[in-house]
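The values are calculated or read from the model by the stated rules, or taken from the named source; none is laboratory data. All of these numbers come straight from a predicted model, not from anything done at the bench. Cβ sites come from the backbone with ideal geometry, for glycine too, and all protein chains shown count toward neighbours.
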Amino acid sequence: MTRFALVRRLPVLLLALALPVLAQEAVLRKNLAERIPQLPKIDEVTRTPIPGLYEVRIGTDIYYADEKGDHLIQGSLIDTRSKINLTDARIDKLTAVAFAELPLKDAVVIKQGNGQRRLAVFVDPNCGYCKRFERDLQAVKDVTIYTFLYPILGADSTAKARDIWCAKDAAKTWRSWMIDGATPAKTMGKCDTAALDRNIEFGHKYRVQGTPAVFFEDGTRKPGALPLAEVERLLLAAAKKG
């Protein structure tokens with residue numbers, strides 16, 4: 001067969017290879033839908049490095065199933081050679097957020113020094129780790145911090161987030177509460193708190209399941225109250241990538 005003839009037949013060959021895979025995926029989708037009717041619609045089925053095991057993606061939730069859907073597994077898939085949690089890596093990719101896509105207008109903005117570097121953090125006003133992290137952030141130089149009020153710990157968190165957001169100087173009120181323990185003044189009159197609702201919606205969409213959750217300009221995302229040295233390292237890495 002000449003090279004020209006092979007090139008002409010290439011689309012047919014690729015289709016022939018793809019058909020069994022598509023058929024297998026259809027069987028898996030059909031069986032899971034019939035056997036677990038409460039399972040939400042499957043968005044994607046892909047092969048894993050393990051023969052006969054498939055990744056089943058529903059939104060940003062990851063499951064695993066055999067090729068016939070006889071068994072469905074919920075848990076982490078770990079590569080023991082590289083020590084990489086493949087499930088976490090996949091979810092990180094699915095929930096990655098470009099800094100430019102963050103709704104910065106819905107954040108309390110705090111500028112330190114020249115504010116040239118940037119990071120964003122989702123926080124609950126009653127989160128102890130958030131308070132510790134806020135104290136540490138004071139020492140970071142030349143950074144703009146976008147604080148997304150994300151009240152997920154109960155009704156009091158929602159009330160405090162509202163009072164902080166509606167304050168005349170939200171940034172000062174936020175720091176006073178988180179660092180000094182000064183209770184925000186109760187909101188008087190009308191105040192547009194739609195931003196808080198949008199923050200909750202955004203967080204649910206991108207699996208912000210705990211606070212603080214920190215986002216850097218290069219798309220890196222980290223959970224928890226990071227040590228100051230780690231914050232500096234990630235800010236430096238983000239600047240180099242930019």
Residues of region 160-182 being without any contact (Cβ under 8 Å) to a residue 24 or more places away in the chain and surrounded by 16 or more Cβ atoms within 10 Å (Cβ to Cβ), in sequence order, are Ala167, Thr173, Ser176
Region 80-102, residues that are touching a strand residue (DSSP E or B) at 6+ places or on another chain (Cβ under 8 Å) and not basic (Lys, Arg) | Ile84, Asn85, Leu86, Thr87, Ile91, Asp92, Leu94, Thr95, Ala96, Val97, Phe99, Leu102
Here the residues within region 187-242 that are within 13 Å of Leu119 (Cα to Cα), of a type in the set (Val, Ile, Thr) and in contact with a strand residue (DSSP E or B) (Cβ under 8 Å, 6 or more places away or on another chain) are Val214, Val231
Considering residues of region 192-219 that are outside any helix (DSSP H, G or I) and in contact with a helix residue (DSSP H, G or I) (Cβ under 6 Å, 6 or more places away or on another chain) only, the residue nearest to Asp136 (Cα to Cα) = Pro212
If we keep only residues of region 124-158 that are in a strand (DSSP E or B) and either out of contact with any Phe, Trp or Tyr (no Cβ under 7 Å at 6 or more places or on another chain) or without any contact (Cβ under 8 Å) to a residue 24 or more places away in the chain (or both), then the residue surrounded by the most Cβ atoms within 10 Å (Cβ to Cβ) is Ile145
Can you find even one residue in region 161-177 that is modelled with pLDDT of 95 or more and in a strand (DSSP E or B)?
-> no
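For Ile58, state whether it is outside the structural domain of Ile164 (by TED's automatic domain parsing), modelled with pLDDT under 95 and touching a Pro at 6+ places or on another chain (Cβ under 8 Å).
So Ile58 passes the test.
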Filter region 103-118 for residues that are touching a strand residue (DSSP E or B) at 6+ places or on another chain (Cβ under 7 Å) and not in a loop (DSSP other than H, G, I, E, B) and give the result.
-> Leu104, Asp106, Val108, Val109, Ile110, Lys111, Gln112, Arg117, Arg118
Which residue pairs have Cβ atoms under 8 Å apart, sit 6 or more places apart or on different chains, and have a first residue in region 68-92 that is touching a residue at least 60 places away in the same chain (Cβ under 8 Å) and a second that is in a loop (DSSP other than H, G, I, E, B) and of a type in the set (D, E, K, R)?
-> Ile91/Arg207
Out of the residues in region 94-139 that are touching a Lys or Arg at 6+ places or on another chain (Cβ under 8 Å) and hydrophobic (A, V, I, L, M, F, W, C), state the one that is nearest to Asp218 (Cα to Cα).
-> Phe99
Positions within region 72-100 being of a type in the set (D, E, K, R), surrounded by fewer than 12 Cβ atoms within 10 Å (Cβ to Cβ) and within 14 Å of the chain's Cα centre (by Cα), in sequence order | Lys93
